[in-house]
Amino acid sequence: MKKLTIPDIIKRKGGEKLTMLTAYDASFARLLDSAGVDMILVGDSLGNVLLGYESTVPVTMDEMIHHASAVRRGTSAFVVGDMPFLSYQVSVQDTIKNAGRFFKEAGCDAVKLEGGPEICEAVRALVAAGMPVMGHIGLTPQTASSLGGYKVQGKDAKSAQKLLADARALAEAGVFAIVMECIPDKLAKVITENVAVPTIGIGAGVFCDGQVLVTHDLLGMFDKFVPSFVKGYVNLSPQIKDAIAAFSQEVKSGSFPDEKHSFTIQVDVDQLVTDDGDA
Ligand code: KIV
């Protein structure tokens, strides 16, 4: 599939819905690409899903670059690198250096940052330096504890108003799309109708310009915590466990490897050196 450009993505506002899914390695990137996903997000959900952290907070720049580079090797699709916690909050100079690694070392096409007006200076600097930025508002996992945990955001008029203002500030600062996580569908509709760039929902209802999910969630491969907004399209965990248990059982019983999975060609074993060194 032809890689989307930033103008292609912006043009999809109000038109054909955009699709984005997460990948952290080349093999999943290849699968998503061959299934025709528009954008691949190397999310910092990497921390929970693959690295065994309790949250996304411990994820480092080096970890993100390692996995984003692997994704790039598996696909020529549009890849977004998620900037980890504290990689864009310290200084604008630091932000540009860290974001630059996603483009120069990992070959990403854009970066994603969580937050509202407090990150707009960083967004402006990145866009001015030629690095496209995707915003992320609503439930922002890197600062979830300040938001009261993993909860629906924008439920009352004041916080809904703030989210609309956040989206407008990001669009004004130059983001090309905004992820909206865990907000009421009617608020997502109002925001979508009031910003010029596409909105990409996750737990934000049907009115967004696109949708994103964590791939391992929709495949039923990560059962530690699955948010209620996730639709499981298949439940692979039991099938994976059954296959692994069958392998173990067959190895122990001696039924694997059988002849079909062995090289049963003639070899002159009589000439081999034996344990005591005699030919
Ligand atoms: O890290 C991630 O996977 C994300 C998505 C949930 C949007 O930010």
I'm checking my understanding of the structure. Among residues of the stretch 6-24 that are within 30 Å of Gly149 (Cβ to Cβ) and surrounded by 16 or more Cβ atoms within 10 Å (Cβ to Cβ), which one is nearest to the ligand (Cβ to nearest atom)?
Thr22
Checking the structure you have, find out if any residue of the stretch 238-259 is modelled with pLDDT under 95, farther than 30 Å from Pro7 by Cα, in a loop (DSSP other than H, G, I, E, B) and not aromatic (Phe, Trp, Tyr).
no
Which one is farthest from the ligand (Cβ to nearest atom), of the residues in the stretch 43-64 that are touching a helix residue (DSSP H, G or I) at 6+ places or on another chain (Cβ under 7 Å) and polar (S, T, N, Q)?
Ser55
Among the residues of the stretch 112-134, write down those that are surrounded by 15 or more Cβ atoms within 10 Å (Cβ to Cβ) and charged (D, E, K, R).
Lys112, Glu114, Arg124
For the stretch 40-64, what are the residues that are outside any loop (DSSP other than H, G, I, E, B), of a type in the set (Asp, Glu) and within 11 Å of the chain's Cα centre (by Cα)?
none
Answer with yes or no whether Ser76 is in contact (Cβ under 8 Å) with a residue 60 or more places away in the chain, open to solvent by 10 Å² or more (accessible area, probe 1.4 Å) and over 13 Å from the mean Cα position of the chain (by Cα).
yes
At pLDDT 95 or above, within 25 Å of Gly201 (Cβ to Cβ) and either open to solvent by less than 30 Å² (accessible area, probe 1.4 Å) or within 16 Å of the ligand (Cβ to nearest atom) (or both), is that true of Ser87?
yes
Checking Leu147 against (1) within 16 Å of the ligand (Cβ to nearest atom); (2) under 17 Å from the mean Cα position of the chain (by Cα); (3) free of Cβ contacts under 8 Å to residues at least 40 places away in the same chain; (4) not in a helix (DSSP H, G or I), which single condition isn't satisfied?
(2)
Within the stretch 204-237, can you find the residues that are within 16 Å of the ligand (Cβ to nearest atom), polar (S, T, N, Q) and not in a helix (DSSP H, G or I)?
Gln211, Ser228
Whichever residue in the stretch 241-258 is hydrophobic (A, V, I, L, M, F, W, C) and surrounded by fewer than 13 Cβ atoms within 10 Å (Cβ to Cβ) and, among such residues, is farthest from Pro184 (Cα to Cα)
Val251
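The values are calculated or read from the model by the stated rules, or taken from the named source; none is laboratory data. Fair warning: this is a prediction, and the values are worked out from it, not measured in the lab. Heads up, the Cβs are rebuilt from the backbone with ideal geometry, glycines too, and the neighbour counts pull from every protein chain shown. The accessibility values were calculated without ligands, DNA or RNA, using every heavy atom of the protein model including side chains. Shrake-Rupley method; radii C 1.70, N 1.55, O 1.52, S 1.80 Å.
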